[in-house]
Every structure is written in structure tokens, then in C-alpha cells.
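A.B. asks: If you scroll down you'll find the structure; I have some questions about it.
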Amino acid sequence: MTDDWVEAGWPPVFPPLLSGREVGRDEDPAVVAARALVDGADPGLVAYAEPGDRLRFAIALAPEVPLERAMQMAHTLMVAIGDSIGALAPPEVAVEYRWPTTILVNGAAAGRIRLAASHRDPGLEPDWLVIGLDLRLEDHGSAEPGDRPGETTLYEEGSGPIAVSRLLESMSRHFLTWLRRWEEDGFRPVHDAWRARAEPGMTVGGADFVGLDEDGRALLKDRVATRADSLANHLEDLAL
């Protein structure tokens, strides 16, 4: 990683309501965040990996709503990521979303949202929820542009070397801003912002992506019928 990605601003400073904990490059921020909540830590912990060629972080939450609605926090984080990169990168760096959890930069996959919860029952309130990001910043190996069809890095798409601390701080601020809107106005503003950056002509498992319903489930239409796919179906199992 070029030195420009890591500047004097490390470690990042998080806004009120969030606290940070750095983890080693061999540790999983999602596991650290989930364990912290299980061990009694306050929600709002941001576990983040030390700088490398990827930006990896996870936010620990304790939603007081059923899991199906809590999944809207993933949409909220995706919208925050889009706004953050849009604010820090040049205008030609376009961010889009591919269902269920892929972050696209200029039409190619650059990262993904990670999701984990204490259970998978959409109607029950989870004890904890972890949402996070794994974003490729630059290729530190020998790969050349074009060696990974359909994949890219932020740097390859012309972002310039944005300091990792600035990315983390910006994404956390945008997330809190959108979280407040969600609390005050419901899911509709997040829904509309997510749809505005949805990948055009998206297909999922051979079905056409039609849109999001009022709860954030993807509406998928194939030759038989229209069905809904919840983000709760894409939770990870963390080894705690």
C-alpha cells in the first residue's frame, strides 16, 4: 500500500455514539465486534483493521426491532458508503449497489457489505447485529488492470490515495446521519437513496431485479412470478 493511504491522521476519530477498536490484519473485525457485544460492550463499537490494501470494518449494533427491519441498517450503511466515496473521490468515481451486498465502483465489484446476527428468525429481535464493509483500495500484488474481470479497486477507478482514516471517519459520520433519518422518517429516505444507486439492469440468480419493497426486501421477477429476497437470507455465521 502506498504511504498516501496512511497519513498522520491515524488512528481515526469517530463521532459521538461510536467508538473505535483497532484489530490486527489477521483478525476479523466482524468477529471482534460481535464478541464485544456478547461480552457486554455498548452498541456503536466500530472494529477496524489496521491499514492495508483493503478497508475492513464492522459496526456492532443492538437493534430493538425484529431482524427483518434491523436488516435496513445494511441498506443504511451502503447509502452512507456511497455518499462518503462520492464526497472524497473525484466525480468520475461512481458508486452503485448490486443486490444483495456488493459495492460497485464504475460498474465493477470493489467490495461487499458483511452481515451477521445472533439468529436468523426475521420476526424476532436479535440480541446483536453486525454490519461491516470489506472494500478493496488498491492491488498490492502483481495483478494488472483487466486481470480480474468484473472486479476493481478504488484506486484503479481514479479515486487517488484517500487516507484510510478519512474514509473510516467519513463513512461513520454519514452512517450516523442516515441512521438519524431512519429513526425520524422511517425507511423510505434510505430506500429511495439506495434505489438511486442501484445497478441498472440488475439480475439476481437469473431473475430480474424489480426494486425494493417497503421493508427493504428485493423484488425479483422471473418467468413464473415475482418473489422477495430478504437480506436476512444472506447473514454470515461467525465463529464466536
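The values are calculated or read from the model by the stated rules, or taken from the named source; none is laboratory data. No experiment lies behind these values; they were computed from the predicted model shown. Positions of Cβ are generated from backbone atoms using ideal geometry, with glycine treated the same way; all protein chains shown enter the neighbour counts. These accessible areas exclude ligands, DNA and RNA; they are computed on the full protein's heavy atoms, side chains included. Shrake-Rupley method; radii C 1.70, N 1.55, O 1.52, S 1.80 Å.
A.B. asks: Take the range 187-197 and flag every residue that is within 14 Å of Tyr97 (Cα to Cα) and either in a loop (DSSP other than H, G, I, E, B) or of a type in the set (Asp, Glu) (or both).
C.D. replies: Asp192, Arg197
A.B. asks: Take Ser84 and tell me if it is more than 17 Å from the chain's Cα centre (by Cα) and not aliphatic (A, V, I, L, M).
C.D. replies: No, not satisfied.
A.B. asks: Looking only at the range 123-137, which residues are surrounded by fewer than 18 Cβ atoms within 10 Å (Cβ to Cβ) and over 17 Å from Gly44 (Cβ atoms)?
C.D. replies: Gly123, Leu124, Glu125
A.B. asks: Suppose we filter Gly40, Gly20 for residues that are assigned to a strand (DSSP E or B), of a type outside the set (A, V, I, L, M) and open to solvent by 10 Å² or more (accessible area, probe 1.4 Å); which single one remains? Please lay out each step first, then the result.
C.D. replies: Working: Gly40 fails: assigned to a strand (DSSP E or B).
It is Gly20.
A.B. asks: Only one of these is open to solvent by 40 Å² or more (accessible area, probe 1.4 Å), in contact (Cβ under 8 Å) with a residue 60 or more places away in the chain and not small (Gly, Ala, Ser): Arg148, Arg180, Arg120. Name it.
C.D. replies: Arg120
A.B. asks: Condition first: part of a helix (DSSP H, G or I) and among the small types (Gly, Ala, Ser). Now tell me which residues in the range 198-240 satisfy that.
C.D. replies: The answer is Ala232, and nothing else.
A.B. asks: Output the residue which, of all residues in the range 160-172 that are in a helix (DSSP H, G or I) and either over 19 Å from Pro51 (Cβ atoms) or aliphatic (A, V, I, L, M) (or both), is farthest from the chain's Cα centre (by Cα).
C.D. replies: Among them, the one singled out is Val164.
A.B. asks: What pairs come out if I take residues in the range 31-43 that are under 18 Å from Leu133 (Cα atoms) and pair them with residues that are open to solvent by 60 Å² or more (accessible area, probe 1.4 Å) and of a type in the set (D, E, K, R) whose C-beta lies under 7 Å away, six or more apart or interchain?
C.D. replies: Val32/Arg21
A.B. asks: Here's another thing I want to ask about it. So for the range 186-198 (the condition being of a type in the set (Val, Ile, Thr), open to solvent by less than 20 Å² (accessible area, probe 1.4 Å), over 23 Å from Glu22 (Cα atoms) and touching a Phe, Trp or Tyr at 6+ places or on another chain (Cβ under 9 Å)), does at least one residue qualify?
C.D. replies: yes
A.B. asks: Another question, then. Have a look at Ala80, Ala94, Ala87 and point out the one that is among the small types (Gly, Ala, Ser), within 21 Å of Pro51 (Cβ to Cβ) and surrounded by fewer than 22 Cβ atoms within 10 Å (Cβ to Cβ).
C.D. replies: Criteria check complete, one pass: Ala87.
A.B. asks: Kindly provide the set of residues from the range 165-177 that are open to solvent by less than 20 Å² (accessible area, probe 1.4 Å) and over 17 Å from Tyr97 (Cα atoms), ordered by number.
C.D. replies: Within the range 165-177, Ser165, Leu167, Leu168, Ser170, Ser172, Leu176 qualify.
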